[in-house]
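Right, one structure below, let's go through it.
Every number here is computed from the coordinates shown, using simple stated rules; none is lab data. What you are looking at is a predicted structure, and each value in this text was computed from that prediction instead of being measured. Neighbour counts run over all protein chains shown; Cβ positions are idealised from the backbone, glycine included.
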């Protein structure tokens, strides 16, 4: 299940389909692998004049503080299988001029917060 909540005006970010697909495909895959049973992913988007903030939260077990800190490193995987997904998300966000963080929500789902500069045009 995917739910998208939005608030803000008509602000936007400029991105290629490839970078957006890289970000969301990896986040979806990570969530689906971590959740036993029905996976619910909530995307919330908040925009103001300068920044678009995107939060992606699932209903899985979440990450420990230690795992959240290491999430964007090469080969990190909370499932103990080597992977590049988290790193690819971070690289794509950086290429768009943004920042990404994984928040420690152990036991309350997995949460990634990404902030992007708004397009000036």
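Is the stretch 23-76 best put as rounded, prolate or oblate by its Cα gyration tensor, with a ≥ b ≥ c the root eigenvalues, rounded for a/c under 1.5, and otherwise prolate when a/b is larger than b/c, oblate when not?
Taking the square roots of the gyration eigenvalues as a ≥ b ≥ c, the stretch 23-76 is oblate.
Pull out the extension gain between residue 49 and residue 28, defined as 0.36 nm times the separation in residues minus the alpha carbon to alpha carbon distance; nm, one decimal.
Result for the pair: 4.8 nm of gain on full extension.
When ranked by the protection proxy of mean other Cβ atoms within 10 Å per residue, highest first, what sequence do the peptides 27-35, 51-59 form?
51-59, 27-35
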